[in-house]
Structures are given as structure tokens and as C-alpha cells.
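Participant: Here you go, one structure.
The values are calculated or read from the model by the stated rules, or taken from the named source; none is laboratory data. Predicted, not measured: the structure shown is a model, and the values here were computed from it. Heads up, the Cβs are rebuilt from the backbone with ideal geometry, glycines too, and the neighbour counts pull from every protein chain shown.
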Amino acid sequence: MDRFYITTPIYYVNDKPHLGSAYTTVNADVLHRYHRWFGFESLFLTGLDEHGQKVQKAALDRGLEPQQHCDQMAEHFKQVWQQLNIDCDIFFRTTHPEHKQAVQQCLQQLYDKGDIFESTYEGWYCVADETFHTEKELVNGLSPSGRKVEKIVEKNYFFKMSAYQQKLIDFYTANFEAVQPAHRRNEVLGFLKQPLQDLCISRPKSRLQWGIELPFDSDYVTYVWFDALLNYATAIDLQSTLPSQTPKQKASAEDNKNSQFVRGRFQDWWPVAHHLVGKDILMTHAIYWPCMLMALGIPPARVVFAHGWLLNKQNEKMSKSKGDVMRPEFLSSLIGVDALRYYLVKAVVLGSDSPISTDLVLSTVNTDLANTLGNLLSRVTKLVHKYFDGQMPAPQKSPVSSEEVQLQAHALQLPSVVRENILKLKPHLAVGEIIKTLELTNPFLENQAPWKLAKTDLPAAGHVLATVLEVLRIAGLLLQPVMPQKSAELLCRLSVTDLSFEAARKWGQIPTSSQILQGPALFPRVQLPDTDVS
Ligand code: MSP
């Protein structure tokens, strides 16, 4: 069976989840659900990056021990993801003892191999980004992200990233799809034209205590990115493949059974990983991470997909530091969870930046869901009740119009179109196609006017309604991964019991005379509250 392993970045716990992190997580969830539905064995990881300076500072600001702070934030993240119906298999936390041990094993392995060495670092350091910068990288004396930098001179440990530059170029040359979209691949290859610097992977404890101690020097903890990136592999039991695992460590890993690890399956799930990340962390995922893996003797992940940013009113990245983040809880209480999921998948092209505001969200949701989908369902079920006593009308043997032939052909092609777009990691196009089909169905109903036909030819009117109900069934099935609850409600109103992808590829699956239920508006139109609290 084909396998698909999708990951989100693990989020820093210096802030509660905001719409940016919800965006990545919802899209990953939707890709995961689609793949599973298509018959893939699919694994979905999200989680938290709990070490490092930002988190240490956030805990200190709240007067809490870092671990206590992380535990509280983890509960908060879990709660929000649950509200958004995120169906992850692994909710990873980097403070788990087994992950820490595995990171230390990797560090030791690279140190023993000579891929980690000691040297003096002299240069610029940005606390907010937790990143070192060369003089050349600074922009007007600030880090490339526009934050303050300070000059430091200190002994540190470095990962010999430069030794893997050519291997990485060869990998990207041979694996065209390893970085997506294509323009991001060019960006990475462009970056690799310059000599790659070795990576400072240690922080002296005098500056940072909240991290994983270096196994070969207890005065240091490891750089948070070295710890965090490894989560994708330790979560699926990288540790069982590491040569340095002692029998005692193996036994303690066995004892330490926790749902955040998938036991003994590293070979199954690697390298089929697809890392969905924001474009801001493309380089850590497309340069540092594959070099680390290659040093450990492991092939890079199959895909790193960099999506764009949700932009604020000033067309800048929405972020906590700008103080203008939208909270997913606010939007979902306004428009409903499924409508929010729909918006985040369909209205934002995966790979591009997109402005976001409450107005934009409301307008899309009202147009696509209240008008196009919801109205169609209300109208057709009402007509079935008026003329057919709420029972599925019998379709006729031959089509009533050429418009119907076209609509049916379109609807029958839709499952393959959706599948193709999902496999290409284009969920916005997949969902866009479903809505386009419904947009064709509304004028079809209008043109065929079954309420007029019913006066002269009741079976023909029934046939038109049956056609519309079939399109709604196919659309409802295809929308399940995006809007699990609303699709279930829609399909229940049509008495649909076979929820499989195979059923979506067939026509005529609602048995004649089955009950078609009327109900309240599936997506009531949403008005902006008096005060815009976005
Ligand atoms: N902890 C690191 C990632 C380590 S992965 C091994 C990190 N965390 S983060 O909390 O800052 O989250 C960054 C991710 O959140 C982005 O890459 C992106 O997925 C998401 N987003 C945060 N703000 C965003 C927007 N305004 N728009 C879209 N996504 C954004 O970096």
C-alpha cells in the first residue's frame, strides 16, 4: 500500500496557536484525510517545539518553570486543534525524555564521526530568531527578518554542513519534487551556489539552560533547531535504527510507551515524509535538515513544501510580534469550524501569500457555502418534498437535456480531478473544482425549472431533481476531508451510506424512494458582528 507521511512544523510554545499555525495545520489535516480516503496508509504529525530561548523567556515572563509553561501550552494547543477537528496521529513534544535521548544519540554519533567539531564563533546573533548571522546577511544592521542582533564571541560546537553541500545539490538535481513549489526549489538551489557555512549547533548554558544537553560537553545545550528538526524522525522511531542505542536504552524506550512515538516503523515511514512549512522556515528544512540526515546516513525527506503567509492589513506576515494575529477560536465561533477549514484550504493558494481579514472570510464563506452549496441543497430538498413526498425521485432512462449530459460528465470526472490535485499538493485547486461543479448545478436547476416541468411532466421534473441530488452526493463525499461535520450532515440528508471514494466515482447511488430530509440552512449567512475583533 502507498504511504504518505505529512508533518507540520512543530510550533514554538511562546504563543497560543494563531491563524497562521492553524492554516498549516488545517491544510496538513486535509491532505492527510484525503490520502487516507484514497486508500493510502497515511500518518500525520504535528506538535510543539518546546526548547530554546523564546520558550525559556515566555516561561520566565509568566513566572513559571519552563516545563510547567510547556505543559500548559500543550493543553491549549491540543484544545484548539481538537476544536478545529485536527485528526493527527502524533502530537509531538520535544521535551519528552525519549526524544531528548534520541537527539543526544544523534549528536554523539556525529561527534564521534567528526561531523561535529569545536571552534570559536565570532559574529552576529539574533535572539528573537535564535539564529547566527554573517556580516553579509545583515540588512541595515538588523537580521534578515528585521530584528535586533548582538555581537558575540564564544567557544561553540559546529556541524560540518559544508561537507554535504555537493551531495545536497546532487540530491536536488536528481529529485525535482523535493522542494515545492518550483520557485522555492530555485531559491534553495540559488542559495546552494554560495559556499555553505558550517552550522553552530551549541549554546552555552551560561546563555541558555532550556535545551538538550550536549552528550560530550555538559556546559552546553544543543541549538533548538537541531533538536526540533529531529522530531520528524524520532517520532517514528529513528532511535531503533541508531547504532549507539544500548540494550538499556532500548528497554527504557519500550517501557516509555507513549502515543507520541510510532514504534519500530522508521523504515516504513521514511523517506515518504512531506514537510509542510511556512516559507520563513524553508532553509532550515531544505538545507539544515537534509544535511543532518545525510550525515546520519539517512536519505532526505521526499518533499518540503513551503507555503506562503497570511498577511495582515498592511500586507505583512501576520505575527504575534506585530500584535495583529487572528485567533482561530474567534473565527470558528463566528462562521463555524468547517467553514473556517474550508476557507483556509480553498481561498488561500497553497504556496502563495494571501491577505486575510474577517470581511474576506465572510464574503467567501457566504458566497461559496451559504449561496452556492447551502442554497442548492435547500432548494432541491424542498422541491423533492413538494412534488415527491420527500422521496428520491426515479431517474429516467435517457437524459432530459444536453446540459444534463454535460453536468453529469463533469461530476463524474470530479473525483479524479480532486485526487490528482491532492496528490500534487494543490488542495485549493481540488476544493475549487468541487465548488465550480456546484456553481454549474445552480444554473442547471434554474434552466431546467423542475417546478414548471412538474405541471406537465412529473417524471421529467423528478429526473432533474435526481440529477442535482446526485451531484450534491458526489460533492458531499468529496468535501468530507475538508468539512467532516457539514459533509456528514449533508450526506445524511440524502440518505447516503456508502462514504467511500469508490462510491463518489459512480453515478446513481441514491436508491429511488429513499428519504431525502429537509433541515435548517446548512450554512446560514454570516453577518459581521458590530465590533470587528479581528
Ligand atoms: N518551531 C519552529 C519550527 C520547527 S519545525 C522543526 C517555528 N515555529 S513557529 O511557531 O514560529 O511556527 C512557524 C510556522 O507557523 C510557520 O512556518 C508557518 O507554518 C506558521 N505560520 C506562522 N505565522 C504564519 C502566517 N502569518 N501565515 C502562514 N503561516 C504562518 O518556526
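Participant: If you scan segment 14-24, which residues turn out to be near the ligand (Cβ under 8 Å from one of its atoms), touching a strand residue (DSSP E or B) at 6+ places or on another chain (Cβ under 8 Å) and under 22 Å from residue 99 (Cβ atoms)?
Facilitator: 21, 24, listed by residue number.
Participant: Examine segment 485-505 for a residue that is among the hydroxyl-bearing types (Ser, Thr, Tyr) and in contact with a Ser or Thr (Cβ under 7 Å, 6 or more places away or on another chain), and state whether such a residue exists.
Facilitator: Yes, that holds for at least one residue.
Participant: Is it true that some residue in segment 186-202 is charged (D, E, K, R), under 29 Å from residue 322 (Cβ atoms) and outside any loop (DSSP other than H, G, I, E, B)?
Facilitator: yes
Participant: Name every residue in segment 203-223 that is in a loop (DSSP other than H, G, I, E, B) and touching a helix residue (DSSP H, G or I) at 6+ places or on another chain (Cβ under 9 Å), in order of residue number.
Facilitator: Here is the first cut: in segment 203-223, the residues in a loop (DSSP other than H, G, I, E, B) are 205-212, 215-216, 223.
Result: 207, 208, 209, 210, 211, 212, 215, 216.
Participant: Can you name the residue in segment 67-84 that is within 15 Å of the ligand (Cβ to nearest atom) and part of a helix (DSSP H, G or I) and, of all such residues, is farthest from residue 15 (Cα to Cα)?
Facilitator: 81
Participant: Within segment 359-402, how many residues turn out to be more than 37 Å from the chain's Cα centre (by Cα), more than 19 Å from residue 506 (Cα to Cα) and either of a type outside the set (S, T, N, Q) or part of a loop (DSSP other than H, G, I, E, B) (or both)?
Facilitator: Number of matching residues: 11.
Participant: Filter segment 263-313 down to the residues that are closer than 30 Å to residue 361 by Cβ, at pLDDT 95 or above and more than 9 Å from the ligand (Cβ to nearest atom) and list them by number.
Facilitator: Answer for segment 263-313, where residues must be closer than 30 Å to residue 361 by Cβ, at pLDDT 95 or above and more than 9 Å from the ligand (Cβ to nearest atom): 274, 303, 304, 305.
Participant: Which one of the conditions (1) modelled with pLDDT of 90 or more; (2) within 16 Å of the ligand (Cβ to nearest atom) does residue 260 fail to meet, given that it meets all the rest?
Facilitator: The number of the failed condition is (1).
Participant: Filter segment 227-257 for residues that are modelled with pLDDT under 80 and part of a loop (DSSP other than H, G, I, E, B); which is farthest from the ligand (Cβ to nearest atom)?
Facilitator: 246
Participant: Follow-up question, since we're still on this one. Closer than 26 Å to residue 24 by Cβ, within 24 Å of the chain's Cα centre (by Cα) and crowded, with 20+ Cβ neighbours inside 10 Å: is that true of residue 479 in this structure?
Facilitator: Here the answer is yes, as residue 479 does meet what is asked.
Participant: Search segment 36-52 for residues that are part of a helix (DSSP H, G or I) and pair each with any residue that is more than 16 Å from the ligand (Cβ to nearest atom) and small (Gly, Ala, Ser) when their beta-carbon atoms are under 9 Å apart and the residues are at least 6 apart or on different chains.
Facilitator: Within 9 Å, the pairs are 36/42; 37/500.
Participant: Go through segment 316-351 and count every residue that is in a loop (DSSP other than H, G, I, E, B) and within 11 Å of the ligand (Cβ to nearest atom). Walk me through how you get there before you give the answer.
Facilitator: Step one: list which residues in segment 316-351 are in a loop (DSSP other than H, G, I, E, B), which gives 316, 318-319, 323-327, 336, 347-351.
Pick out the ones that are also within 11 Å of the ligand (Cβ to nearest atom) and you get 316, 318-319, 324-326, 348, 350.
Residues that pass the stated criteria total 8.
Participant: Here's something else I'd like to know. Tell me whether segment 297-319 contains one or more residues that are within 30 Å of residue 163 (Cβ to Cβ) and free of Cβ contacts under 8 Å to residues at least 24 places away in the same chain.
Facilitator: Within segment 297-319 (the criterion being within 30 Å of residue 163 (Cβ to Cβ) and free of Cβ contacts under 8 Å to residues at least 24 places away in the same chain), the answer is yes, since at least one residue qualifies.
Participant: Here's a follow-up. Can you tell which of 139, 153 is β-branched (Val, Ile, Thr) and within 28 Å of residue 188 (Cα to Cα)? Walk me through it before giving the result.
Facilitator: Details: 153 fails: within 28 Å of residue 188 (Cα to Cα).
Answer to the selection: 139.
Participant: Taking the condition of being within 17 Å of residue 200 (Cα to Cα), of a type outside the set (Asp, Glu) and touching a residue at least 40 places away in the same chain (Cβ under 8 Å), how many residues in segment 140-155 meet it?
Facilitator: Qualifying residue count, segment 140-155: 1.
Participant: Within segment 451-462, identify whether any single residue is touching a Leu at 6+ places or on another chain (Cβ under 6 Å) and either of a type in the set (A, V, I, L, M, F, W, C) or farther than 25 Å from residue 495 by Cα (or both), and answer yes or no. Quick ask: steps written out before the conclusion?
Facilitator: Residues of segment 451-462 touching a Leu at 6+ places or on another chain (Cβ under 6 Å): 460-461.
Okay, now just the ones that are also either of a type in the set (A, V, I, L, M, F, W, C) or farther than 25 Å from residue 495 by Cα (or both), so 460-461.
Yes: segment 451-462 contains one or more residues that are touching a Leu at 6+ places or on another chain (Cβ under 6 Å) and either of a type in the set (A, V, I, L, M, F, W, C) or farther than 25 Å from residue 495 by Cα (or both).
Participant: Where the second residue is among the aliphatic types (A, V, I, L, M) and assigned to a strand (DSSP E or B) and the first is free of Cβ contacts under 8 Å to residues at least 60 places away in the same chain and lies in segment 1-19, which pairs have Cβ atoms under 8 Å and are six or more apart or on separate chains?
Facilitator: So the pair list comes out as 12/48.
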